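First comes the structure, then the notes that go with it.
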Amino acid sequence: MTVAPLLVAALADRYRIERELGAGGMATVYLAVDLKHERQVAIKVLREDLPPPRCVALICTIHTYWYI
């Protein structure tokens, strides 16, 4: 699975997208590196075709996972 070039470009100044972790009915989750804090993060990107009420509430959700 390839990462969309537009997503890579939009986040390039802050995150380096490593790979796709998974996809579901509402979103795709990517493993990325937070360049500022030098740690791994998961970035959730909502599908473009979702109806607006759902998108507005969840847009740009970023979850950080700590690995021990």
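The values are calculated or read from the model by the stated rules, or taken from the named source; none is laboratory data. Here the structure is a predicted model, which means the values were calculated and not measured. Every residue, glycine as well, gets a Cβ built from its backbone with ideal geometry; the counts of neighbours run over all protein chains shown.
Side notes on the structure shown:
- Within region 1-21, residues that are over 16 Å from ARG39 (Cβ atoms) sit with their Cβ atoms under 6 Å from residues that are of a type in the set (A, V, I, L, M, F, W, C) and surrounded by fewer than 11 Cβ atoms within 10 Å (Cβ to Cβ), at 6+ positions apart or across chains, in these pairs: GLU20/MET1.
- Check on GLU38, on the phi > 0 side of the Ramachandran plot, modelled with pLDDT of 80 or more and either surrounded by 10 or more Cβ atoms within 10 Å (Cβ to Cβ) or not hydroxyl-bearing (Ser, Thr, Tyr) (or both): yes
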